[in-house]
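This report refers to the structure that appears directly beneath it.
All of the numbers you see were taken from the coordinates with simple rules; none came from a lab. Please read all numbers here as calculations on a predicted model, not as lab measurements. A quick note on method: Cβ atoms are made from the backbone with ideal geometry, for glycine too, and the neighbour counts reach across all protein chains shown.
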Amino acid sequence: MDITELEDNFELLEDWEDKYRYIIDLGGRLEPLDEKFKTEEWKVRGCQSQVWLVPSKQNDKIHFIGDSDAVIVKGLIAIVLTIYSDKSPSEIKSIAVEDIFAKLGLSEHLSPSRRNGLIAMTEKIKYYANVL
């Protein structure tokens, strides 16, 4: 799935109850994260739930896998990975993620702590784009 398909799917869903179910479904489709990565080294600071993001560089692209102990947050990770994974560091740095979140309606429909967690995830991904 790409960003356009994600945005189209969100537009098809009429209410936020359906959108939350879709977010949870996206989280269920995440690539499994091996327990060996569920350590402090890969943990994202600033998230109320436990969140782990693990990058791997493949050619000039960065692939991410991630997980959380909370189902909604796991779905938010899936959205973030749809936006950022398998892109070059320069592509990652140029993404206007706030615009995408606004288009999806995440900005106004998430609790402040989940919004903060989403920001922490995107900052961690941009950090990896700078160091890998």
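Being surrounded by 12 or more Cβ atoms within 10 Å (Cβ to Cβ), under 15 Å from residue 1 (Cβ atoms) and touching a helix residue (DSSP H, G or I) at 6+ places or on another chain (Cβ under 7 Å) is true of residue 79. Listed by first and then second residue, the pairs with beta-carbon distance under 8 Å, at least 6 apart or on different chains, first residue in the range 46-63 and over 17 Å from residue 83 (Cβ atoms), second crowded, with 18+ Cβ neighbours inside 10 Å and basic (Lys, Arg), are 48/114. Of all the criteria given as (1) of a type in the set (S, T, N, Q); (2) touching a strand residue (DSSP E or B) at 6+ places or on another chain (Cβ under 7 Å); (3) part of a helix (DSSP H, G or I), the one not satisfied by residue 82 is (2). Taken over the range 49-75, the criterion of being buried (at least 20 other Cβ atoms within 10 Å of the Cβ) and under 13 Å from residue 28 (Cβ atoms) is satisfied by 67, 68, 73, 74, 75.
Go through (1) free of Cβ contacts under 8 Å to residues at least 24 places away in the same chain; (2) surrounded by 10 or more Cβ atoms within 10 Å (Cβ to Cβ); (3) in a loop (DSSP other than H, G, I, E, B); (4) not polar (S, T, N, Q) one by one and return the number of the condition residue 5 breaks. It is condition (3) that residue 5 fails.
Kindly provide the set of residues from the range 101-132 that are more than 12 Å from the chain's Cα centre (by Cα), touching a residue at least 40 places away in the same chain (Cβ under 8 Å) and closer than 24 Å to residue 24 by Cβ, ordered by number. Residues satisfying the conditions are 103, 104, 105, 109, 113, 116.
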